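For reference, the structure is listed below as structure tokens.
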Amino acid sequence: MDLIRTPVIGSIPGETSLTPESSQNRSTRSTARAESDLSLEVVILIVFGVFMLLFGLLLFRIHTGELPYAPDSTYGLFLVIVSFQIITMGKTPFGDLRRSWAVILIGVCTAVIGMVACFVPGLLAEPVRILVGLLLSAGGAALLAQLFFSEDKARLWLKVPGILQQLTVACIIVYVMSIVLGLVTLLPGITTDPETAVLLIVYGIGFFYLSWCIQKVGRLYPPAGAETPGGSG
């Protein structure tokens, strides 16, 4: 079962068993993963959460003029983080793609655009704003539609009490906030800075919630066929 898609991440790859692991197996796996318990996808989600939360908190002081602000540099940094996810996992704002050379090239081009926007504020101000707005709004809408229309996502998750239902809620929060903030980015002025700051904070918290859900699901429903450490080969 393909577990999760988010606007700036894709899905946890692999087929998944809906039978939770036994306590003994979870304990064995936990010991084996003691050095690094977080998947790359969860780490990237946490980075996005920190990015949005910090941006939201700082925006209050930016609004009062206490801090300088270069919007295109912020958009550029966002694109760099997105490109990292595309390159390493093939996860795009619109869903998962096979990690081919074409996908890697798209990721590299996205990174270049983002870095240029960061290094030379003002050069790509308008293009990066529109690009980020489209990625957020269109990507969020596409993933929200996939969440409800795919048979192996919300339709299945809502039938299983517990963490899968929470995962559905977390996805909805992140996807809807992506659409809203995408529109805010595309249509400057439809919200005040303090209102945008609150939206960003909620978005960041949504990423933290989503990362926790994915980590929990990964422990309870490990990929089918994955070997249990210490088991027979």
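The numbers here are math on the coordinates, done by the rules we state, and not lab data. What you are looking at is a predicted structure, and each value in this text was computed from that prediction instead of being measured. Neighbour counts run over all protein chains shown; Cβ positions are idealised from the backbone, glycine included.
Descriptive notes on the structure:
- Summing charges over neighbours of Lys159, with a neighbour being any other residue whose Cβ is under 15 Å away from its Cβ, gives 0 when K and R count +1 and D and E count -1.
- Sorted by Cβ neighbour density within 10 Å, fewest at the top, the residues Trp212, Trp157: Trp212, Trp157
- Exposure proxy ranking for Cys171, Cys109, based on other Cβ atoms within 10 angstrom of each Cβ and starting from the fewest, stands as Cys109, Cys171.
- Cα gyration tensor, region 60-105 - rounded (a/c under 1.5), prolate or oblate: prolate
- Site pair Leu57 and Lys216 shows an inter-label distance of 2.4 nm when each label is modelled 7 Å from Cα along Cα→Cβ.
- Shape of region 122-221, Cα gyration tensor, a/c cut at 1.5: prolate
- The GluC sites (Glu not before Pro) of region 33-96 meeting both criteria, a DSSP state outside H, G, I, E and B (loop) and at most 12 other C-beta atoms within 10 angstrom of the site's C-beta, are Glu35, Glu66.
- Residue exposure proxy: Lys216, Lys91, ordered by other Cβ atoms within 10 angstrom of their Cβ from fewest to most, comes out as Lys216, Lys91.
- An oblate overall shape is assigned to region 48-190, the ratio a/c of its alpha-carbon gyration tensor axes (a ≥ b ≥ c) being 1.5 or greater and a/b not exceeding b/c.
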